[in-house]
1. Is there any pair with a first residue in the stretch 61-80 that is on the phi > 0 side of the Ramachandran plot and a second that is open to solvent by 60 Å² or more (accessible area, probe 1.4 Å) and modelled with pLDDT of 90 or more whose Cβ atoms are under 8 Å apart and which are 6 or more apart or on different chains, and what are they?
2. So which residues in the stretch 71-124 are within 23 Å of residue 50 (Cβ to Cβ), open to solvent by 60 Å² or more (accessible area, probe 1.4 Å) and more than 10 Å from the chain's Cα centre (by Cα), if there are any at all?
3. Failed condition for residue 40, given (1) open to solvent by 10 Å² or more (accessible area, probe 1.4 Å); (2) at pLDDT below 90; (3) part of a helix (DSSP H, G or I); (4) of a type outside the set (Val, Ile, Thr), with all others met?
4. Specify the residue that is modelled with the lowest pLDDT; the eligible residues are those in the stretch 20-33 that are over 19 Å from the mean Cα position of the chain (by Cα) and open to solvent by less than 40 Å² (accessible area, probe 1.4 Å).
5. Whether any residue in the stretch 169-185 is in a helix (DSSP H, G or I), in contact with a Ser or Thr (Cβ under 6 Å, 6 or more places away or on another chain) and open to solvent by less than 50 Å² (accessible area, probe 1.4 Å) is what I want to check.
6. Check whether at least one residue in the stretch 148-158 is of a type in the set (D, E, K, R), touching a strand residue (DSSP E or B) at 6+ places or on another chain (Cβ under 8 Å) and either at pLDDT below 95 or outside any helix (DSSP H, G or I) (or both), and report yes or no.
Amino acid sequence: MEAENSIEAIPKGAAFAQAGNFDMAKATDLLTDAQSALGLSVDDTAQNMENMGRVSDVLAKAQVLANASTEQFASALTSKAGNALKTVGKDVEEGTAVLAVFADQGIKGEKAGTLLTNTLFGLADRARESAKDFKRLGIEVFDADGTMRNMSDIALDLENAFGDMTEEQKLAELANMGFTKQAREGILA
């Protein structure tokens, strides 16, 4: 950031540092890196500060709701997940909600970021490649205009499709549909 932007960012960084219980330098790095990974860094100073506050608020709220720290959520976003979310048109709120689900199952930090990335791209790829299987199971990944549906809606479809299956049957069905091991792990989580 330029000097003027850096000065305006200090209060946002300080609040994030306090919420995450780490020093200012680390907070600033994590917050700006997560913001950049999500594609929320812009040249307009006022909009950039608003975006920074949004990312900070979402990560701090996630820490309260799930079994992970703001640092672990920021690490997940900066490792891979932020770019994946941006690529498939997901916002920080939806992506962090999925990371919170992972965190409550012990999947945190960079591992969660990688898992979310593999899950998002796995769902997108397999929905195109195995469209008949998805239709047979009643799983819709994309809406009529080609936009990826909300992850909670996709998860509900998956729960309905696999709800009566044993773990062995679920794994076999997902493998049959062509999902990688990593994508299967994310889907089942």
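The values are calculated or read from the model by the stated rules, or taken from the named source; none is laboratory data. Small disclaimer: the values here were computed from a predicted structure and weren't measured. Cβ sites come from the backbone with ideal geometry, for glycine too, and all protein chains shown count toward neighbours. Accessible surface is based on the protein model in full, side chains and every heavy atom, while ligands, DNA and RNA are left aside. Shrake-Rupley method; radii C 1.70, N 1.55, O 1.52, S 1.80 Å.
1. Matching pairs, first to second residue: none at all.
2. 71, 87, 89
3. Residue 40 satisfies all of (1) open to solvent by 10 Å² or more (accessible area, probe 1.4 Å); (2) at pLDDT below 90; (3) part of a helix (DSSP H, G or I); (4) of a type outside the set (Val, Ile, Thr) except (3).
4. 22
5. yes
6. Yes, because at least one residue in the stretch 148-158 is of a type in the set (D, E, K, R), touching a strand residue (DSSP E or B) at 6+ places or on another chain (Cβ under 8 Å) and either at pLDDT below 95 or outside any helix (DSSP H, G or I) (or both).
Yes/no matrix, rows are residues, columns are (1) touching a Phe, Trp or Tyr at 6+ places or on another chain (Cβ under 7 Å); (2) among the small types (Gly, Ala, Ser); (3) open to solvent by 80 Å² or more (accessible area, probe 1.4 Å):
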{"site": "35", "(1), (2), (3)": "no, no, no"}
{"site": "48", "(1), (2), (3)": "no, no, no"}
{"site": "53", "(1), (2), (3)": "no, yes, no"}
{"site": "57", "(1), (2), (3)": "no, no, yes"}
{"site": "65", "(1), (2), (3)": "no, no, yes"}
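Every residue, every condition in (1) among the polar types (S, T, N, Q); (2) more than 22 Å from residue 81 (Cα to Cα); (3) in contact (Cβ under 8 Å) with a residue 24 or more places away in the chain, yes or no:
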residue: 122; (1), (2), (3): no, no, yes
residue: 128; (1), (2), (3): no, no, no
residue: 141; (1), (2), (3): no, no, no
residue: 152; (1), (2), (3): yes, no, yes
residue: 169; (1), (2), (3): yes, yes, no
residue: 179; (1), (2), (3): no, no, yes
